[in-house]
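Heads up: the structure comes next, in C-alpha cells.
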Amino acid sequence: MASKLMSSVGIIIVRVRKFDQMQRLVREIQRLRTDPEVARVVEARLKEFEEIGSGDWRLWARELAFCILAANFKAVRAFEIATHLWSTGLLFGGSAPEIENVLRRMGHRFPKTRARFIVQAMRLVKDVRRVIPSLTSRRARDWLRREIPGLGMKEASHFLRNTGRKDVAIIDRHILRIMRDYALVSDLPKSLTVKRYLELEGVLRGVAVEIGLTLAELDLYMWCMKTGFVFR
C-alpha cells in the first residue's frame, strides 16, 4: 500500500514539473507575441502561406521543392536553392543531372538524392495541387508521404503548413530541442515513428491551445525562439 502511494506521489510530482515547464514555455511565447515586429512578421508569413495555398501549381511546386531540400539541411539555404530553380525554370524542365549540378554548386548536402526527389515530385505536382485541397490535413499528410518521394511526416507537414494549413506541427530539430529544454520530451530522438510524431504533435497542440494559437503560429514563434528570426 505504501509503495503504491509513493509511486502515485512520484507520478504527480513529475506531472506537476512538466506542467510548470510547459507554463514556462507558454510565458516565453507570450512574451514573443508582445514584440510588435515578431508578431507582424508571423502574421505576414501566415498570410503569405494562405496566398500560396490559393495560388496555382507553380507556387506549390516551389514550396514542394523547398520542403524536399530543407530536410536535414539549412532552411534558409534550401529556400534560396528552391527559388533559384523556380525562377530559372529548371524546377519545371530540368533533368536530374542538371538540378544536381545546381544543388552541388549551391552547397546542398545531398545533391544527387534531392535532385532525383525533386524531378519525381515535379511530375506529380499538378496532382498534388488537385488532390490535396479536398482532403483533411491528416489524410493529406498521409497521401503526400505515400505518393511523393522525399516526404516524411515532417516534410509533408511543412508543405501543408506552407500551403495554408494551420493544424499540423513541423517537428524538426529546432522544435525538438525546445521541447527537450522545456521538458516536453526527455531526449532528442534520432528519428520519429509516425506514432511518436503524432504523440509529440499532440503535446504541441496542447501548448498551442493553452496560448490561443494555431499549430502554424506556434511553430513560427518556436522557430524564432531558437533561431532569433521568423522564417518559413
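Just so it is clear, none of the values below were taken in a lab; they were calculated from the coordinates. The structure presented is a predicted model; accordingly, all values stated were derived computationally and were not measured. Note that each Cβ is placed from the backbone with ideal geometry, even for glycine, and that neighbours are counted across all protein chains shown.
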message: When only alpha-carbon atoms are used, what values of Rg and Dmax, in angstrom, describe the chain?
response: 19.4, 72
Contour excess over end-to-end distance, with Cα ends at ARG196 and SER134 and 0.36 nm allotted per residue: 19.7 nm
query: Which entries of LYS112/LYS195; LYS166/LYS190; LYS112/LYS154; LYS47/LYS154; LYS74/LYS190 show an alpha-carbon separation above 24 angstrom in the structure shown?
result: LYS112/LYS195; LYS166/LYS190
task: Classify the stretch 193-232 as rounded, prolate or oblate from the Cα gyration tensor: take a ≥ b ≥ c as the square roots of its eigenvalues, call it rounded if a/c is under 1.5, otherwise prolate when a/b beats b/c and oblate if not.
output: oblate
- request: Please give the contour-minus-distance gain from ARG145 to ASP187: 0.36 nm per residue of separation, less the Cα-Cα distance, rounded to one decimal in nm.
  value: 12.6 nm
- prompt: For the stretch 102-167, what does the equivalent ellipsoid look like in terms of its semi-axes, each the square root of 5 times an eigenvalue of the Cα gyration tensor, given largest first in whole Å?
  reply: 24, 13, 10
Loop trypsin sites (Lys or Arg not before Pro), the stretch 19-85, which have at most 16 other Cβ atoms in a 10 Å radius of their Cβ (DSSP): LYS74
- line: With a ≥ b ≥ c from the Cα gyration tensor eigenvalues, square-rooted, and the rule rounded for a/c under 1.5, otherwise prolate when a/b > b/c and oblate otherwise, the stretch 47-162 is prolate
